[in-house]
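J.: Questions regarding the structure given below will be posed in turn.
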């Protein structure tokens with residue numbers, strides 16, 4: 001069973017890097033990739049979604065993970081759009097008819113994926129007879 005240390009138990013600088021810097025950096029990479037290759041863009045997008053799901057295991061349950069997934073997805077989407085605009089290339093994959101909406105979509109996708117991971121982690125802990133410490137939302141850590 002995959003049972004990592006909870007995000008709330010890590011030092012604050014690690015929390016910032018794991019929950020903020022990494023999603024932003026990955027979104028920035030996507031901002032470059034979307035102008036280079038649709039296949040590379042979608043491959044990294046799938047990896048980011050898997051990462052959001054796995055991040056849910058660092059929370060007691062799906063509710064705590066959902067907060068982090070929303071924040072990570074939002075940072076990812078904003079960084080993607082900003083870097084793509086700065087690079088100035090033509091998008092090889094669709095950003096939709098209203099590109100700023102992409103940040104909302106990535107936030108919701110991150111939220112759902114992380115919540116699913118958090119829920120699965122909770123089920124696994126309960127089956128194994130483990131109890132994670134009580135946890136509020138990511139914002140309370």
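J.: It is to be established whether one or more residues within the range 31-43 are crowded, with 21+ Cβ neighbours inside 10 Å, closer than 17 Å to residue 113 by Cβ and modelled with pLDDT of 95 or more.
T.: no
J.: Still on this model: Could you tell me how many of the residues in the range 89-109 are in a helix (DSSP H, G or I) and in contact (Cβ under 8 Å) with a residue 12 or more places away in the chain? Even if it seems obvious, please write down each step before you answer.
T.: Within the range 89-109, the first condition is being in a helix (DSSP H, G or I), and the residues that meet it are 101-109.
Filter again for in contact (Cβ under 8 Å) with a residue 12 or more places away in the chain, leaving 102-109.
Total satisfying the criteria: 8.
J.: Just wondering, is there one or more residues in the range 113-130 that are in a loop (DSSP other than H, G, I, E, B) and modelled with pLDDT under 95?
T.: Going residue by residue through the range 113-130, those that are in a loop (DSSP other than H, G, I, E, B) are 129-130.
So of that shortlist, the ones also modelled with pLDDT under 95 come out as 129-130.
Checking the range 113-130: at least one residue is in a loop (DSSP other than H, G, I, E, B) and modelled with pLDDT under 95.
J.: Here is a check on your reading of the model: is residue 86 modelled with pLDDT of 95 or more, surrounded by fewer than 17 Cβ atoms within 10 Å (Cβ to Cβ) and either touching a strand residue (DSSP E or B) at 6+ places or on another chain (Cβ under 6 Å) or in a helix (DSSP H, G or I) (or both)? Steps first, answer last, please.
T.: Numbers: modelled with pLDDT of 95 or more: yes; surrounded by fewer than 17 Cβ atoms within 10 Å (Cβ to Cβ): yes; either touching a strand residue (DSSP E or B) at 6+ places or on another chain (Cβ under 6 Å) or in a helix (DSSP H, G or I) (or both): yes.
Criteria met by residue 86.
The values are calculated or read from the model by the stated rules, or taken from the named source; none is laboratory data. Everything quoted here is computed from the prediction, not taken from an experiment. Ideal geometry is used to build each Cβ from the backbone, glycine not excepted, and the neighbour counts take in all protein chains shown.
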